[in-house]
1. Scanning segment 88-106 for residues that are open to solvent by 50 Å² or more (accessible area, probe 1.4 Å) and outside any loop (DSSP other than H, G, I, E, B), which turns out nearest to residue 119 (Cα to Cα)?
2. Taking residue 76, is it in contact (Cβ under 8 Å) with a residue 40 or more places away in the chain and part of a loop (DSSP other than H, G, I, E, B)?
3. Taking only segment 63-73 into account, find how many residues are touching a residue at least 40 places away in the same chain (Cβ under 8 Å) and farther than 18 Å from residue 107 by Cα.
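The values are calculated or read from the model by the stated rules, or taken from the named source; none is laboratory data. Given the structure is predicted, the values throughout are model-derived calculations rather than measurements. Heads up, the Cβs are rebuilt from the backbone with ideal geometry, glycines too, and the neighbour counts pull from every protein chain shown. These area figures cover heavy atoms from the full protein model, side chains too; ligands, DNA and RNA do not enter into them. Shrake-Rupley method; radii C 1.70, N 1.55, O 1.52, S 1.80 Å.
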Amino acid sequence: PPPPPPAVVVADPAPAYSPSAAGVTAFKAPPPAAGPSPAWHADPFKRYTHRYWNGKKWTEQVSRDGVSLVDPLGPYGTPLPAPNGDALSPAQWYPDPAGRHQHRYWNGKKWTAQVADYGVVSDNPPIVETF
């Protein structure tokens with residue numbers, strides 16, 4: 001396995017969406033009621049204070065108390081499920097549930113932005129999309 005990532009201090013998301021132990025629940029958050037314009041809105045997954053709507057879909061960009069963070073989304077546009085469907089899984093490297101990297105680090109509470117491919121540790125940048 002790759003070496004552990006350097007320590008990262010990130011606010012823990014509020015408890016909310018939790019997939020079943022059988023796998024990812026295909027829950028898709030509705031667009032904001034304010035309209036389809038790109039803007040910050042209340043996080044429909046209730047994990048952070050705000051999440052960015054890019055005019056087409058919810059993005060990985062989130063914020064809490066004015067601090068911008070990244071909350072990686074899975075292949076269904078929902079927050080990534082806990083390893084093995086168990087939010088109490090121990091902190092360690094697991095296969096990346098987003099499927100973008102070989103491994104992603106679970107800190108015991110949530111997925112971090114730290115990823116590893118072929119033993120090289122890096123940060124998973126947010127997906128940059130054009131409007």
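1. Per the stated criteria, the residue is 103.
2. Yes: the conditions hold for residue 76.
3. 3
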